[in-house]
Amino acid sequence: MRTSPSLLSLTIDSALLNLSNIADLSPLPDHIVLDLFLLPARTRYFLSSRHSTFESQLPLSFLPDVLRNSEIVLISETCTSLDYRVAISCFSEALYFGIELLFVFGKMSLAIRDDEIDIIIGAIRSDLTSFMNEWRPMFSRFHLIIVKDPDLKEELKIPEGFNLDVYEKSDIDRVVGSSTSVLFSGYACRYFGYLVSRKKYIISVDDDCLPARDPKGFVVDAVAQHITNLTTPATPFFFNTLYDPFTEGADFVRGYPFSLRSGVKCALSCGLWLNMADHDAPTQALKARQRNSRYVDAVMTVPAGSLVPISGINIAFDREVVGPALVPALKLAGEGKFRWETMEDIWSGLCVKVVCDHLGLGVKTGLPYVWRTDRGDPIASLKKEWEGVKLMEEVVPFFQSVRLPREATTVEDCVVEVAKAAKERLGSTDPVFARAAKAMLDWVNLWKSVGSISSSPAV
Amino acid sequence: MAEPATATEAAAPAVALLKDELDIVIPTIRNLDFLEMWRPFFQPYHLIIVQDGDPTKTIKVPEGFDYELYNRNDINRILGPKASCISFKDSACRCFGYMVSKKKYIYTIDDDCFVAKDPSGKAINALEQHIKNLLSPSTPFFFNTLYDPFREGADFVRGYPFSLREGVSTAVSHGLWLNIPDYDAPTQLVKPLERNTRYVDAVMTIPKGTLFPMCGMNLAFDRQLIGPAMYFGLMGDGQPIGRYDDMWAGWCIKVICDHLGLGVKTGLPYIYHSKASNPFVNLRKEYKGIYWQEEIIPFFQQAVLPKDCTSVQKCYIELAKQVKEKLSKVDPYFDKLADAMVTWIEAWDELNPTGAAVPNGKAK
């Protein structure tokens, strides 16, 4: 494809490699400066490490590690802004390392197949009719796993027309043994679904949530948004003030280092809630009439090193990458059937964040919203149980202080390390923590034996 | 398609918050016509205008504003030899305004920024939102998924420890821009037509330990808490770099705020940024910065300030020392910059004697 080089093109090639040594660009004509930074029509190509069927003119080993492991997409002659942005960032990196890259033209699709997704619902209530019917437009394309809370006595009522598998107490006992099945009672029943799923992406919402509407009145497709979040890079190492730079109409702002613009894999996507926000019981009791009506139109990456309370009400994750880190571990002594009476998801989310930070994976928060219906009485929950609120005073400092050793390179290893640290540092504070630590170890063992897709090693 | 509000659409608030405690600092080289549009929101406040470029040119200030104006001659006169730390031919000169102000709070805005409209069509009083941001606590130690818990209609989420709900003092409020986004030159060249039309209705605290690119176009801060660290560096005429003034200040203030337990917020309010600068001109100013920031960012990410740095000035001097030690090898410019940072603190302390060694918060 190469035409014979002209003197101008040879000059530009050489200038590229020595760009940082040129003291002053001002004598250059504008179109030359443009050429130095865009190179749109030149026969050069990027290599994608994700698509091994791609034909290369240079062996992959030729590229430095940082480029080899990054999620580079191919650029085409009709470049989308995403491709160009990645191109610019990789291009700058290449210059930095003094490597000349070749571009190629040909667009690769990043479409996710429907059969890569499982929607997993923990059924805390027996009548799922209206829930399923409201979500039908979003859910019916996908395979669903419904796990019935083992403590629930009534028969599940599920409408027709879905491709689903239902698991009940007897199934849980059969698969994991009745002594371990206690891990999966209450809200934690959904984790059984995570265990037996064979799909790459999992989306979970509480059974008292319905699709939300955006400010324009359109119904929010939470599934599609979660998938978008999981399949575009996260940017945990530097905060972008325009939030997710991979969203349409946004980008990295001035001052964002180019070497950080390719981002890292997003392992977890945390959505939000309109109407009943996920407040704890004291807050909701105090502000009985407060409802969340603010639709914040943003997705953002939670920065590395920063912990966050991840609500289980509306989440999605890459099971292949981070599955074992979502742990059904922290069971309050008085855990109940309202979210105000649980903290299992918060513990699980802190564990996932610590593991992701250690392994260089990303966690996003923000869109999509779901509509969370009014249910339960916060004052009743508060009177019954506010153990969870008190425990956070220990839990958060604990996770903030956890340091995972360099040798922990797989998600399972990381979870085991967190469990060990929890037993050492929190075990004597409250028996609930010793139980949580044990539950984490049991979970990892279960994952190894039952979760037959082995987790991929850390990226 | 985002549009600015017109002068008649902007309605003055019933009460101008903090009107005797806040100065508005505006750098300008051309004219101040944009103030007409801001009149309902800005008129109650005192303005400090820093005139860059040719000091013989007269900058016309619209009638009815209470202001002080400084040109290069004034800067030289007031600072003497220390004036060398104030940039020339770059909006970085605005930090002179921070230094001479006598107020607790500063709001700074560029002269090509207009009043924006929120999604309901209402004109946004950016100054009022900044003040709300500064007067309510920040929460840098644990991320709240519902963003600023102190906003109307929001709160802390389940799992947020009660012991962290008091928050810390907010030192900086970083606002955003509709219409022309703050992109660097390469991005501008690739996407010359992109406009920011997304109104994200959130304010949030930037977590401790996380750096961010601070833009000086729409920025407010508590001068008493963090003022001495808001030095916008050596840019423009005679310097190898431009358009990194606010970035540099942003990295410095974030490290110091993290050290002293102060908060930095970003998000609302939006202003309407009307003028896209020439990307080729920007490229020439920025391109060294694009390479240098690969060294600068890790430097700031790893910077540790000793426990005995209990005031902003002490933190800043220490940072200057570390810049000289660790960044001079990247380019001799950083040597000069480190010296200028020290000169800046000396000048600040000279012009602000009573506030010289006020300890701000607890050093970590």
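The values are calculated or read from the model by the stated rules, or taken from the named source; none is laboratory data. Remember, it's a predicted structure, so these values are computed and weren't measured experimentally. Here the Cβ positions follow ideal geometry from the backbone for every residue, glycine too, while neighbour counts run over all protein chains shown.
Just one of the listed residues (B:F143, B:F150, B:F221) is touching a residue at least 24 places away in the same chain (Cβ under 8 Å) and either touching a Lys or Arg at 6+ places or on another chain (Cβ under 9 Å) or at the interface with chain A (Cβ under 9 Å from one of its Cβ atoms) (or both), and it is B:F143. Scanning region B:202-230 for residues that are closer than 15 Å to B:L260 by Cβ, in contact with a Leu (Cβ under 7 Å, 6 or more places away or on another chain) and of a type in the set (A, V, I, L, M, F, W, C) yields B:L225, B:I226.
So that you can scan it fast, the table gives a plain yes or no per residue for (1) more than 14 Å from chain B (Cβ to nearest Cβ); (2) of a type in the set (V, I, T):
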position: A:T180; (1), (2): yes, yes
position: A:L183; (1), (2): yes, no
position: A:G193; (1), (2): yes, no
position: A:D208; (1), (2): yes, no
position: A:V220; (1), (2): yes, yes
position: A:A224; (1), (2): yes, no
position: A:T231; (1), (2): yes, yes
position: A:T241; (1), (2): no, yes
position: A:P257; (1), (2): no, no
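Of the residues making up region B:198-249, those that are of a type in the set (V, I, T) and either buried (at least 24 other Cβ atoms within 10 Å of the Cβ) or at pLDDT 95 or above (or both) are B:V200, B:V203, B:T205, B:I206, B:T210, B:I226. Which of the residues belonging to region A:298-310 are facing another protein chain (nearest Cβ under 7 Å) and touching a strand residue (DSSP E or B) at 6+ places or on another chain (Cβ under 7 Å)? Passing the criteria: A:A298, A:V302, A:V308. Highlighted here are the strands (runs of 3 or more DSSP E) found entirely within region A:295-399 that include at least 3 residues which are aliphatic (A, V, I, L, M): A:362-372. In region B:264-301, which residue that is without any contact (Cβ under 8 Å) to a residue 60 or more places away in the chain and closer than 18 Å to B:A229 by Cα is farthest from the chain's Cα centre (by Cα)? Among those residues, the one meeting the criterion is B:F299. Scanning region B:283-296 for residues that are under 30 Å from B:A126 (Cα atoms) and more than 9 Å from chain A (Cβ to nearest Cβ) gives a single hit, B:K285. Of all residues in region A:380-434, those being more than 27 Å from the chain's Cα centre (by Cα) and within 21 Å of A:A285 (Cβ to Cβ) number 9.
For every residue, the table says whether it meets (1) buried (at least 17 other Cβ atoms within 10 Å of the Cβ); (2) more than 20 Å from the chain's Cα centre (by Cα); (3) at pLDDT below 95; (4) not charged (D, E, K, R).
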| residue | (1), (2), (3), (4) |
| --- | --- |
| A:K148 | yes, yes, no, no |
| A:K157 | no, yes, no, no |
| A:S181 | yes, yes, yes, yes |
| A:Y194 | yes, no, no, yes |
| A:A222 | yes, no, no, yes |
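Filter region A:351-410 down to the residues that are among the acidic types (D, E) and either at pLDDT below 90 or touching a His at 6+ places or on another chain (Cβ under 6 Å) (or both) and list them by number. Across region A:351-410, the qualifying residues are A:D374, A:D377, A:E385, A:E387. Taken as a whole, the structure leaves A:Y187 outside the set of residues that are more than 24 Å from the chain's Cα centre (by Cα) and under 23 Å from A:V444 (Cβ atoms). Taken together, B:L176, B:L211 contain a single residue that is outside any loop (DSSP other than H, G, I, E, B) and of a type in the set (A, V, I, L, M, F, W, C), which is B:L176. Considering (1) surrounded by fewer than 24 Cβ atoms within 10 Å (Cβ to Cβ); (2) of a type outside the set (S, T, N, Q); (3) in contact with a helix residue (DSSP H, G or I) (Cβ under 7 Å, 6 or more places away or on another chain), the lone condition that B:G175 does not fulfil carries the number (1). Of all the residues in region B:178-189, those that are within 10 Å of chain A (Cβ to nearest Cβ) and either of a type in the set (D, E) or surrounded by fewer than 21 Cβ atoms within 10 Å (Cβ to Cβ) (or both) number 3.
Each row is one residue, and each column tells you yes or no for (1) more than 9 Å from every other protein chain (Cβ to nearest Cβ); (2) closer than 23 Å to A:G323 by Cβ; (3) of a type outside the set (A, V, I, L, M).
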{"site": "A:D244", "(1), (2), (3)": "yes, no, yes"}
{"site": "A:R261", "(1), (2), (3)": "yes, no, yes"}
{"site": "A:K265", "(1), (2), (3)": "yes, yes, yes"}
{"site": "A:G271", "(1), (2), (3)": "yes, yes, yes"}
{"site": "A:L274", "(1), (2), (3)": "yes, no, no"}
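Does region A:311-318 contain any residue that is facing chain B (nearest Cβ under 9 Å), closer than 30 Å to A:E387 by Cβ and under 20 Å from the mean Cα position of the chain (by Cα)? Within region A:311-318, one or more residues are facing chain B (nearest Cβ under 9 Å), closer than 30 Å to A:E387 by Cβ and under 20 Å from the mean Cα position of the chain (by Cα).
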